[in-house]
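Report on the following structure.
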Amino acid sequence: MTQGVAEEVANSESQTPKALLAAVILMGVLIIAAVFGLIGVIAYRFLHPRPSVTATVPLVEGGFSRLALPLQEGEHITAVTARPDGLMAVTLGGVGRDRVLLWNPEAGKIAAELDFGAPASAAP
């Protein structure tokens, strides 16, 4: 009787679906490929670091440069991002209106303005 049970267990193990076995092998291969890919990305970024962006701001007598942003009522700064060309993008948000100012820190002036809140009929 125990021999019959042992044969049943052996038969049920040999009937494992081939699709399941193929899926397990495929997942193992994908995991190994992902690990090697991750190691490759880390090695590449370690060997090729991004250059840091530094902006020099001319100092005035007080020891710092001052930028007066043209903020309108209810507007506030939501983000400041340094760009590779030396400009800084200052994102302003407000009540129903968003703008981006490009600030040139070397000159201490606004280089450009992109207004998202102006209606199409008001555009020149």
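The values are calculated or read from the model by the stated rules, or taken from the named source; none is laboratory data. All values reported here derive from a predicted model rather than from experimental measurement. Cβ coordinates were reconstructed from backbone atoms using ideal geometry, including for glycine residues, and neighbour counts include every protein chain displayed.
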Do we have any residue at all in region 113-121 that's at pLDDT 75 or above, charged (D, E, K, R) and either under 14 Å from Leu69 (Cα atoms) or surrounded by 13 or more Cβ atoms within 10 Å (Cβ to Cβ) (or both)?
-> yes
Of the residues Arg45, Arg50, which single one is in a helix (DSSP H, G or I) and either of a type in the set (Lys, Arg) or at pLDDT below 70 (or both)?
-> Arg45
